[in-house]
1. Among what's in region 95-109 and is part of a helix (DSSP H, G or I) and within 15 Å of Leu289 (Cβ to Cβ), pick the residue that is nearest to the chain's Cα centre (by Cα).
2. Has region 277-291 got at least one residue that is among the charged types (D, E, K, R), closer than 24 Å to Asp124 by Cβ and either part of a helix (DSSP H, G or I) or touching a strand residue (DSSP E or B) at 6+ places or on another chain (Cβ under 7 Å) (or both)?
3. Among the numbered criteria (1) surrounded by 18 or more Cβ atoms within 10 Å (Cβ to Cβ); (2) at pLDDT 90 or above; (3) out of contact with any Gly (no Cβ under 9 Å at 6 or more places or on another chain), which one does Pro17 miss?
4. Residues in region 356-378 that are surrounded by 13 or more Cβ atoms within 10 Å (Cβ to Cβ), of a type in the set (Val, Ile, Thr) and modelled with pLDDT of 90 or more: how many?
5. Please name all residue pairs, on different chains or six or more residues apart, with Cβ atoms under 8 Å, provided the first residue is in region 337-365 and is farther than 15 Å from Ala109 by Cα and in contact (Cβ under 8 Å) with a residue 12 or more places away in the chain and the second residue is of a type in the set (D, E, K, R) and part of a helix (DSSP H, G or I).
6. Mind checking which residues of region 136-162 are within 12 Å of the chain's Cα centre (by Cα) and not hydroxyl-bearing (Ser, Thr, Tyr)?
7. Which of the residues belonging to region 247-265 are more than 15 Å from Leu53 (Cα to Cα), of a type outside the set (D, E, K, R) and surrounded by 15 or more Cβ atoms within 10 Å (Cβ to Cβ)?
8. Out of the residues in region 300-320 that are buried (at least 24 other Cβ atoms within 10 Å of the Cβ) and of a type in the set (Val, Ile, Thr), state the one that is nearest to Ile23 (Cα to Cα).
Amino acid sequence: MITAGVVALLFKLLKQPVVLGYIVAGILVGPHLFGENLVNAENVETWGNIGVLFVLFCIGLEFRLKNLFESGKVALIGVSTIVGGMLLLGYGVGKFSELNTMNSLFLAAMLCMSSTTIVMKAIDEAGLTKARFVKGATSILIFEDIIAVVLLVLLSSIAVKNSFEGTVLLEKVGVLAITLAVWFIVGILIIPTLFRWVRPYLNDEILIVLSLGLCLGMVLTAEEAGFSSALGAFVMGMILAETKEAHRIEHLMAPLKNVFAAIFFVSVGMMINPASLVTYWDSILFVSLVIIVGMILFGTLGCWWGGETLKDAMQTGFSFVQIGEFSFIIAALGSKLGVTDPAIYPIIVASSVLTTFLTPYIMKATVPCYTFLYNHASPRLKAKIDAREQAVAEAEKAAAEPKENNAPSSADKVRQAVRKTVVTKRVVNLFLKNMSENDNPNSQE
């Protein structure tokens, strides 16, 4: 932490992203330079995992479920294009590099996931948290994390049994869908009520302890259900984001988020062996180029096809140009099962660091690239770009206007759906009461 603080300060003075300073600090104090006797690799991994939990919990606190519903089309088409395209591209790269089928499958899975932690940190440091493209980008990242869980199950089954079993995958996907539904329904029913009952006693100390307890409780629940602990932390963050205490919790968690984000990125840097950067430099550059070009291409196309403006689509694609925590988990899984080449792990980690280093600069290139593309576009394409921009602007204007008294709102539609699907009247009334309080931020306390 001392090294991270000093290096981060130096990077800030040089007007460089602080995230890169943390990674460099991790390399400087890592076991590869100081030896295993001074630095315990298992402890590094443990602290890194803890860092991921708190960072994703805080990201969940900043996200609202309504944003996921509003960007549903963009998220579904975008994630399908990005993940599908990168899987095919990654598998092709593996075959081009003369890797066997198993190594190619694992490599494809490692390359198809952008890092939620790194993307949101880069957006925050760039001052773009309120930008229009962020809602769609965050929704895509959520779906990518869910797909990562499915891929882990699929790859484990293929590696252990050396064959693909569709029934196992379908069963796991079904369990995941049911589990997420139960988590959200129970969470929205119970947790706002709990917070309302104890609100007179919720000083800052008790609120932060209770929130962290719920977060870690969901982490344990996710692990017991066979899913990622990071997914559990993120889900609880999203549930707490629907309570009236969301902004207060978010404010209290800010220092912890900053500390554990630093710990996570330092731990990533500590996993890098500087000698491997020299040994596999050509492979690292090649994989990094594939990640950058592929993410820009598929991210832009997916969001454009999903209905975003070209500028917003390009901002999403240009911010997704890195891989992160789930790629490390998949790489570690392949190494643990002994089905991947030992060289893949250091190449993936180094590629992640290199693409993370380049992410802020690539994001800054979005507007010049968009301007260049627009100025050199054909009249037909330029007309489509202008028409999409106008359509999105009109949709935003319509959404901002107050609705007619007789027109059903989105909340009303949700209530009607709940009335038809939930049997117990008491549960329905409790749900509607909580939703009504959440819908009206100016209601009397």
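The values are calculated or read from the model by the stated rules, or taken from the named source; none is laboratory data. Just so it is clear, the model here is predicted, and its values are computed rather than measured. All Cβ positions, glycine included, derive from the backbone under ideal geometry; neighbour counts span all protein chains shown.
1. First, the residues of region 95-109 that are part of a helix (DSSP H, G or I): 95-96, 101-109.
From the residues that got through so far, the ones that are within 15 Å of Leu289 (Cβ to Cβ) too are 96, 107.
On the way: Phe96: 29, Leu107: 19 Å.
Among them, the one singled out is Leu107.
2. To start, the set of residues in region 277-291 that are among the charged types (D, E, K, R) comprises 282.
Cutting the leftovers down to closer than 24 Å to Asp124 by Cβ gives us none.
No, because not a single residue in region 277-291 is among the charged types (D, E, K, R), closer than 24 Å to Asp124 by Cβ and either part of a helix (DSSP H, G or I) or touching a strand residue (DSSP E or B) at 6+ places or on another chain (Cβ under 7 Å) (or both).
3. (2)
4. 3
5. The qualifying pairs are Pro360/Glu125.
6. Taking region 136-162 and keeping what is within 12 Å of the chain's Cα centre (by Cα), we get 136-148.
Selection gives Gly136, Ala137, Ile140, Leu141, Ile142, Phe143, Glu144, Asp145, Ile146, Ile147, Ala148.
7. Matches in region 247-265: Ile249, Leu252.
8. Thr316
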